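Take a look at the structure set out below.
The values are calculated or read from the model by the stated rules, or taken from the named source; none is laboratory data. Bear in mind the structure is a predicted one, so any value in this text is a computation, not a measurement. Cβ placement follows ideal geometry from the backbone for every residue including glycine, while neighbour counts extend to all protein chains displayed.
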Amino acid sequence: MLEQLVQQLDELGQRADDAVTTAGDEDALRKLEIRFLGKKGAVTAAMKAMGKLAPGDRPVAGKKANEVRNLITTAIDSRRSSLEADRIQRLCVDPHFDATLPTPRRGVGALHPVTLITQHIEDVFRAMGFHLLDYPEVETEFFNFDGLNIPASHPARDMQDTFWLSNGLLLRTHTSPGQVRAMREYDAPFRAIFPGKVYRFEEVDASHEHTFHQVEGLMIERDISVANLIDSMKILLSEILEREATIRLRPGYFPFVEPGFELDIQCQVCGGKGCAVCKRSGWVELLPCGLVHPNVLRHGGLDPDEWSGWAFGLGLSRLVMMKYQIEDIRHLLSGDLRFISQFRQG
């Protein structure tokens with residue numbers, strides 16, 4: 001299996017190098033970059049197969065994958081420089097080109113704050129050895145509810161305010177369906193996160209939206225404890241907020257974990273004094289978490305007597321509000337470029 005994956009990566013690197021070398025313009029080069037290095041690109045797809053390797057083979061495969069990624073990146077950068085040099089050379093011999101004319105002003109775009117925080121979280125967890133996975137936003141009832149220990153009669157379904165589709169599917173109400181999907185896709189032990197959008201039929205106010213962002217985290221090992229979970233969460237929050245934050249851990253009920261906890265963070269907008277974001281309490285619910293319920297492990301095809309794990313669901317929209325002290329969640333989906341421009345980097 002390892003030899004096949006290494007050969008596949010070698011062939012992928014060669015195909016990419018050949019394609020990049022013959023790219024005729026910047027647009028073609030950009031498409032190749034997405035095709036090979038994008039979130040759903042060929043290198044990412046090949047890396048997903050690492051989860052099926054023996055634990056001892058994964059470092060070798062990971063090293064090879066990084067080598068191929070770096071090779072493709074270098075080839076793209078080199079070709080981009082070559083194309084730019086060619087463009088400048090053509091301008092120099094163009095009789096209609098006047099180098100003394102002022103250049104047009106070009107607006108500089110900015111990444112959305114949710115994108116910034118997502119990229120930051122992905123970097124933190126990659127450094128901790130986690131897979132980065134992506135799962136459907138349109139889900140089945142099983143993966144969104146039943147597989148997570150939420151049967152049809154469970155009162156937790158009423159709390160989800162679900163958008164149901166006419167074909168019986170639904171818009172996922174949380175990123176937790178990825179737990180069962182990942183357990184069925186990867187051989188234990190493994191660790192992974194899966195960020196994405198979720199949807200709930202909620203009344204919109206300063207701290208609630210019908211569309212928001214979460215990131216789910218899952219670690220499957222033998223003999224996982226609550227201490228492992230707390231340590232990982234402390235690392236995450238300190239890295240993302242880049243400052244000390246007051247948190248509290250209190251018991252919480254979630255059908256897919258046992259025991260379950262609710263991690264709250266002191267409101268970063270008002271400093272704990274009370275505002276519309278924290279509903280005057282001084283605290284914001286941020287991170288439901290706990291040890292994976294045995295029933296969820298069974299639905300994922302794992303024996304709970306042999307395997308255990310922890311899981312969390314982090315609200316990215318609220319984390320963005322805490323990090324950047326944004327007072328109203330509605331700004332995040334407003335499409336107002338004046339708001340987005342505040343996060344321009346450089």
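Can you go through 153, 82, 78 and tell me which one is among the polar types (S, T, N, Q) and under 28 Å from residue 6 (Cβ atoms)?
On the way: 153 fails: under 28 Å from residue 6 (Cβ atoms); 82 fails: under 28 Å from residue 6 (Cβ atoms).
So the residue among 153, 82, 78 that is among the polar types (S, T, N, Q) and under 28 Å from residue 6 (Cβ atoms) is 78.
For every residue, the table says whether it meets (1) assigned to a loop (DSSP other than H, G, I, E, B); (2) among the hydrophobic types (A, V, I, L, M, F, W, C); (3) at negative phi.
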site	(1), (2), (3)
110	yes, yes, yes
114	no, yes, yes
119	no, no, yes
122	no, no, yes
129	yes, no, no
135	yes, no, yes
142	no, yes, yes
150	yes, yes, yes
153	yes, no, yes
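How many residues, within segment 23-48, are of a type in the set (A, V, I, L, M), touching a residue at least 12 places away in the same chain (Cβ under 8 Å) and more than 15 Å from residue 129 (Cα to Cα)? Give the derivation first.
Step one: list which residues in segment 23-48 are of a type in the set (A, V, I, L, M), which gives 23, 28-29, 32, 34, 37, 42-43, 45-47.
Those still in the list that are touching a residue at least 12 places away in the same chain (Cβ under 8 Å) too: 23, 29, 32, 37, 42-43, 46-47.
In the following step, the residues that additionally are more than 15 Å from residue 129 (Cα to Cα) were identified as 23, 29, 32, 37, 42-43, 46.
Here the count works out to 7.
List the pairs whose first member sits in segment 74-102 and is in the same structural domain as residue 17 (by TED's automatic domain parsing) and in contact (Cβ under 8 Å) with a residue 60 or more places away in the chain, whose second member is surrounded by 10 or more Cβ atoms within 10 Å (Cβ to Cβ) and not in a helix (DSSP H, G or I), and whose Cβ atoms are under 7 Å apart, counting only residues at least 6 apart or on separate chains?
Cβ pairs passing all conditions: 83/25.
Looking for something in contact with a Leu (Cβ under 8 Å, 6 or more places away or on another chain) and free of Cβ contacts under 8 Å to residues at least 24 places away in the same chain - is there at least one such residue anywhere in segment 299-313?
Yes: segment 299-313 contains one or more residues that are in contact with a Leu (Cβ under 8 Å, 6 or more places away or on another chain) and free of Cβ contacts under 8 Å to residues at least 24 places away in the same chain.
Can you name the residue in segment 152-206 that is within 30 Å of residue 331 (Cβ to Cβ) and among the acidic types (Asp, Glu) and, of all such residues, is modelled with the highest pLDDT?
In this case the residue turns out to be 161.
Applying the selection to segment 292-312, what residues are surrounded by fewer than 22 Cβ atoms within 10 Å (Cβ to Cβ) and in a strand (DSSP E or B)?
Once the filter is applied, which keeps residues that are surrounded by fewer than 22 Cβ atoms within 10 Å (Cβ to Cβ) and in a strand (DSSP E or B), segment 292-312 yields only 308.
On the given criteria, is residue 124 assigned by TED's automatic domain parsing to the domain that holds residue 300, in contact with a helix residue (DSSP H, G or I) (Cβ under 8 Å, 6 or more places away or on another chain) and surrounded by 13 or more Cβ atoms within 10 Å (Cβ to Cβ)?
Details: assigned by TED's automatic domain parsing to the domain that holds residue 300: yes; in contact with a helix residue (DSSP H, G or I) (Cβ under 8 Å, 6 or more places away or on another chain): yes; surrounded by 13 or more Cβ atoms within 10 Å (Cβ to Cβ): yes.
When the stated conditions are applied, residue 124 passes them.
From the list 80, 15, 106, which one is farther than 30 Å from residue 342 by Cβ and either not β-branched (Val, Ile, Thr) or not in a loop (DSSP other than H, G, I, E, B) (or both)?
Numbers: 80 fails: farther than 30 Å from residue 342 by Cβ; 106 fails: farther than 30 Å from residue 342 by Cβ.
It is 15.
I'd like to know if segment 138-151 contains one or more residues that are surrounded by fewer than 19 Cβ atoms within 10 Å (Cβ to Cβ), modelled with pLDDT of 90 or more and of a type in the set (Asp, Glu). Steps first, please.
Our first condition is that a residue be surrounded by fewer than 19 Cβ atoms within 10 Å (Cβ to Cβ); within segment 138-151, this holds for 138, 140-142, 146, 151.
After this cut, where a residue has to be modelled with pLDDT of 90 or more as well, the list is 138, 140-142, 146.
Filter again for of a type in the set (Asp, Glu), leaving 141, 146.
Yes; the residues of segment 138-151 include at least one that is surrounded by fewer than 19 Cβ atoms within 10 Å (Cβ to Cβ), modelled with pLDDT of 90 or more and of a type in the set (Asp, Glu).
Can you spot a residue in segment 75-88 that is under 23 Å from residue 45 (Cα atoms), of a type outside the set (D, E, K, R) and crowded, with 16+ Cβ neighbours inside 10 Å?
To start, the set of residues in segment 75-88 that are under 23 Å from residue 45 (Cα atoms) comprises 75-77.
This time we only want the ones that are of a type outside the set (D, E, K, R), so: 75-76.
Now narrow it down to the ones that are crowded, with 16+ Cβ neighbours inside 10 Å: 75-76.
So far as segment 75-88 goes, yes, one or more of its residues are under 23 Å from residue 45 (Cα atoms), of a type outside the set (D, E, K, R) and crowded, with 16+ Cβ neighbours inside 10 Å.
I'd like to check something: does segment 329-346 contain any residue that is farther than 28 Å from residue 123 by Cβ, exposed (fewer than 15 other Cβ atoms within 10 Å of the Cβ), of a type in the set (A, V, I, L, M, F, W, C) and in the same structural domain as residue 146 (by TED's automatic domain parsing)?
No: segment 329-346 contains no residue that is farther than 28 Å from residue 123 by Cβ, exposed (fewer than 15 other Cβ atoms within 10 Å of the Cβ), of a type in the set (A, V, I, L, M, F, W, C) and in the same structural domain as residue 146 (by TED's automatic domain parsing).
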